[in-house]
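Below you'll find the structure, written out as structure tokens, and then a few comments.
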Amino acid sequence: MNFRLGEFVRFVDEKREGYITRIIDDQMIGVTGDDDFEIPVLASKVTRVYGRMEEGVESQAVEEKKIAIEDFKAKGINLAVISDTNKGSVVHFHIVNETSFQLLLSFSNERQGKQKGFYAGILAPHSTVKIYTASLTELSNWPAFEFQVMYYSTQEIELPKALLVKEKFKAKDFSGTKKQAPILKQPAWLFRLDEDELVIDAAKLKESFFKPTEEKKEISKPQREVDLHIEKLRDDYQFLSNAEIIQIQMDHFRKALDAAIVHKQPSIIFIHGVGNGTLRHEIHKVISKHQQVKTFMDAYKDKYGYGATEVILK
């Protein structure tokens, strides 16, 4: 017999349970129930119970609806800070629970090493609760905030570790754009309390330490004459819009000009054509303000007319 005095057992064949109050022999034990009557019973007719809800003790957890494990949401605890509808400088703090867990939540302030509690309670799945109100004009005087969260569910599921989040807010925390708060459906500054932990891949980290420095990209020396006609730059120019063409030509011009400066060429000629004068105008606008350009002029006027510009570099 493996039973001992004081163990709590349940009868196999009938709805009775109680504590073992006597070991009669190797096969029989005495079990005393809530009615204080001891009943002799075969040890083979009872089974151990490792815990029970004591009579008169009620759980304060909310009743849960059973959901499929694949639909169980384990992440999504946010602090939503919402401006008061009547006075914008006043803000209200809400805890938003998007998870399928019940949250055992406490919130306190810390000032000069001393803490004062402001809220403690159970937050049901997919619900919110307002826990605090403060004025943004007094933000510099706000104490540090501390949030403690424990997870609870009546379903058989792995519970995350308890959360302990400490936050000292600064003005920059409220300078960003508000977002729509989940469940509340109001604009709010959102702060995620159950952020995913940063996972560091040791192998990749080690690899990054020993990775050789990338070689600098070599800039090819440009030709002295650079033809910017679109048919020289792209084979599919027939399918490009005017805006796309001018953008491609200007990108090619800038790269060639930068390359000429890097290679310390005395000058470079850009053949842009006459056309409607747009490309010529855009090129002259750039080089007229460029610090590395000494001067510029029309090049090979007898050959290109006003269709080419020579840029003299410093």
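Couple of notes before you dig in:
- Prolate/oblate/rounded call for the range 8-48, Cα gyration tensor, a/c under 1.5 rounded: oblate
- Dipole magnitude (debye, nearest 20) for the chain, charges at Cβ of Lys, Arg, Asp, Glu: 2280 debye
- Candidate lysines - alpha carbon under 17 Å from K170, same-chain residues fewer than 8 apart omitted: K178
- Cross-link partners for K294 among the aspartates and glutamates, with Cα-Cα distance under 14 Å and sequence neighbours closer than 8 places in the same chain left out: E310.
- For the residue pairs K75/K179; K116/K172; K221/K301; K114/K185; K65/K116; K172/K289, alpha carbon separations beyond 28 Å are given by K114/K185; K65/K116; K172/K289.
- Each of R192, R234 was scored by other Cβ atoms within 10 Å of its Cβ. Listed from fewest to most, they are R192, R234.
- With helices as the sole contributors, the chain gives -4500 deg cm²/dmol at 222 nm; each DSSP H run of n ≥ 4 counts as -39500 (n - 2.57), and the sum is divided by every residue.
- Computed Rg/Rh of the range 225-313, alpha carbon atoms with Kirkwood Rh: 0.96
- Exposure proxy ranking for V62, V165, based on other Cβ atoms within 10 angstrom of each Cβ and starting from the fewest, stands as V62, V165.
- Entry for Rg and Dmax of the Cα atoms in Å (calculated from the structure that is shown) out of (i) 20.1, 64; (ii) 19.1, 58; (iii) 38.5, 126: (iii)
- Inter-probe distance in nm under a simple model that places probes 7 Å from Cα toward Cβ, at D26 and H263: 10.3 nm
No value in this document is a laboratory result; all are computed from the given coordinates. Because the structure is a prediction, the values reported are computed rather than measured. A quick note on method: Cβ atoms are made from the backbone with ideal geometry, for glycine too, and the neighbour counts reach across all protein chains shown.
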